Amino acid sequence: MAQSASRLCAFLLGLCLVPFLAACVHSAPLAAPSADQRLERLAAGDGDPAHALAGVALVVMQGDTVIYAGAAGRAHIETGADRPMTPETKVRVASISKMALALVTQEQADAGTINLDHDVSDYLGWPLRNPAAPNAVITMRHLLAHTSTLRDPEEYWAPLGDDIRSLILVEDAPFSATHPVPGDWYEYTNLNFGVAATALEAATGTRFDQLASRYFAAHDLDIGYNWSGVSRAARAEGGTLYRREDGTWIAQTDDTPALNASAPVFINTNNLDLAAYTPGTNGTLFSPQGGVRASAGDLARLVRELKQPHNRSLWSDPWRYDAAQPNGVTSEGGPKAYDFTTAYGLAVHLLEGDHPGAAWPGETLIGHAGEAYGLLSGAWVSTARDLSFAYVITGISDASEPPRGQRTKAFSVYEEALIDLARDIAPAR
């Protein structure tokens, strides 16, 4: 397996060198056929079935103009009903959903409906406090910045009929005892976003999925949480997320019944009657931490909203890791051999380009990454120019974590290949 992974790394490095002598040498925009071929080779694992992907898509935009949109592989794998992956195939994009929630939240803050620095307990109607720091206020800003002191329990969602308090106001409350003061310590926590969605519902009187869909529709995006608000036609052409297990593609989410349904999808599928749901009681229902269904094309457009003046506060004053006095956990999902998060705003990653191993040397990117159910995704926009890009990768093997990139260990070799392809496509500065 190690030898196979080494071959894959060498192959993907080759993708970055062809047709150029070096990935760091920036040339004129790459011709679309060459980019298409690179995507096809990536999806095929360079002929090695052990490293084949189900599907891959990349969209690059300059301003409002799409300068490249390509895809390879399959969105849905079913005998007699295979569908190709396209740049507009919608899939569950995982944690990019957190960035989308932040954009919705900022809109409500601008409208005066919610205050990012107000005690979120007043919106929830019950006290959200770390038992180890009972007098310390937790705010929406803390939730979005992963500095609330909440930590993920084994399951960070509650089924319809339950209250989100069943996850938090329990004997073994899911809070940090080591770093109990909000704002002092960064640690990536999905439950923050279930609480944030619930607070948004309470403040607006609107179900979170519907509130988000209004935002998306106002920005001409046919996307939504758990398929809520997405057109039937786009949903029917949506993509299934797979993992590769012993050489077989195993559907993880959004298989045929889900794509053919007309209602939102949920983890708990028994006896769902949203008509009985009271907004402000359980925003985890709508997977606010990871449930957005969107395409690479949608994401390349959505991430551009971060550059709007009223959204700049989401990333202009980020938390930064301090190696001299550690103030957070830089790897997500537990200890890993690489640092991913060294600068983070309000549900916005900053990938700064002024250090060795930068994702895009010389360029600072803002946006978010996603990883779940065999998917890797990313949506990024440059802080220095009006250039954005997004990608989705489906069908990651469950056998081991994907090999890390050659230049930056923060990304897998697959993601690095797509970032480098976007660099080659982008016009020179």
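The values are calculated or read from the model by the stated rules, or taken from the named source; none is laboratory data. This is a predicted model, so every value here is computed, not measured. Here Cβ is always computed from backbone atoms with ideal geometry, including for glycine, and neighbour counts include all displayed protein chains. Ligands, DNA and RNA are excluded from the accessible area calculation, which covers all protein heavy atoms including side chains. Shrake-Rupley method; radii C 1.70, N 1.55, O 1.52, S 1.80 Å.
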Next item on the list: Provide the solvent-accessible area of Val137, counting protein heavy atoms only and rolling a 1.4 Å probe, rounded to the nearest 10 Å².
Entry: 60
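Order Arg38, Arg232, Arg304, most accessible first, counting only protein heavy atoms with a 1.4 angstrom probe.
Working: Arg38 20, Arg232 140, Arg304 45 Å².
From most exposed to least exposed: Arg232, Arg304, Arg38.
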Check: Which FRET efficiency, nearest 0.05, do Asp220 and Asn135 yield, Cβ-Cβ r, R0 35 Å?
Finding: 0.15
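With a Förster radius of 45 Å, plug the Cβ-Cβ distance of Asp162 and Arg385 into 1/(1 + (r/R0)^6) and report the FRET value to the nearest 0.05. Walk me through the intermediate numbers first.
On the way: r = 46 Å, r/R0 = 1.03.
Plugging the Cβ-Cβ distance into 1/(1 + (r/R0)^6) gives 0.45.
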Check: When the dipole is taken about the Cα centre of the chain, and only Lys, Arg (+1) and Asp, Glu (-1) are charged at their Cβ, what size is it in debye, to the nearest 20?
Finding: 720
Margin query: Check which residues have an amide H placed less than 5 Å from Asn190's amide H, if you skip close sequence neighbours.
Written below: Asp152
Margin query: Give me the extension gain from Val170 to Asp117: residue separation times 0.36 nm, minus the current Cα-Cα distance, reported in nm with one decimal.
Written below: 16.5 nm
Next item on the list: Apply the Karplus parameterisation 6.51 cos²θ - 1.76 cosθ + 1.60, with θ equal to phi minus 60°, to every residue of region 120-129 and state each ³J(HN,Hα) to the nearest whole Hz, in sequence, with x for glycine and proline.
Entry: 5, 4, 5, 7, 5, x, 8, x, 9, 9
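Can you tell me the dipole magnitude for region 193-281 around its Cα centre, using point charges on the Cβ only (Lys, Arg +1; Asp, Glu -1), in Debye to the nearest 20? List each step's numbers first, then the result.
Numbers: 6 positive and 10 negative charges, 28 e Å.
The dipole of region 193-281 has a size of about 140 debye.
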Notebook entry, point to check: Taking the structure as given and computing volume of the Cα convex hull per residue in Å³, which label from [x] 173; [y] 143; [z] 162 fits?
Noted result: [y]
Margin query: For region 203-350, report the % of Cα-Cα distances exceeding 28 Å.
Written below: 36
Next item on the list: Would you kindly find the accessible area of Thr89, with a 1.4 Å probe and non-protein molecules such as ligands, DNA and RNA excluded, rounding to the nearest 10 Å²?
Entry: 10
Next item on the list: Give the long-range amide H neighbours of Thr253: residues separated by 5 or more places, or on another chain, with amide H under 5 Å away, using H modelled in the peptide plane at 1.01 Å from N.
Entry: Leu241
Checklist line | Segment Thr256-Arg320, extension gain: residue separation times 0.36 nm, minus the distance between their alpha carbons | finding: 18.8 nm
Next item on the list: Could you state how much accessible area Arg74 has, in square angstrom rounded to the nearest 10, with a 1.4 Å probe and all protein chains kept in place?
Entry: 90
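For the chain, what % of the accessible area comes from carbon and sulfur atoms, probe 1.4 Å?
49
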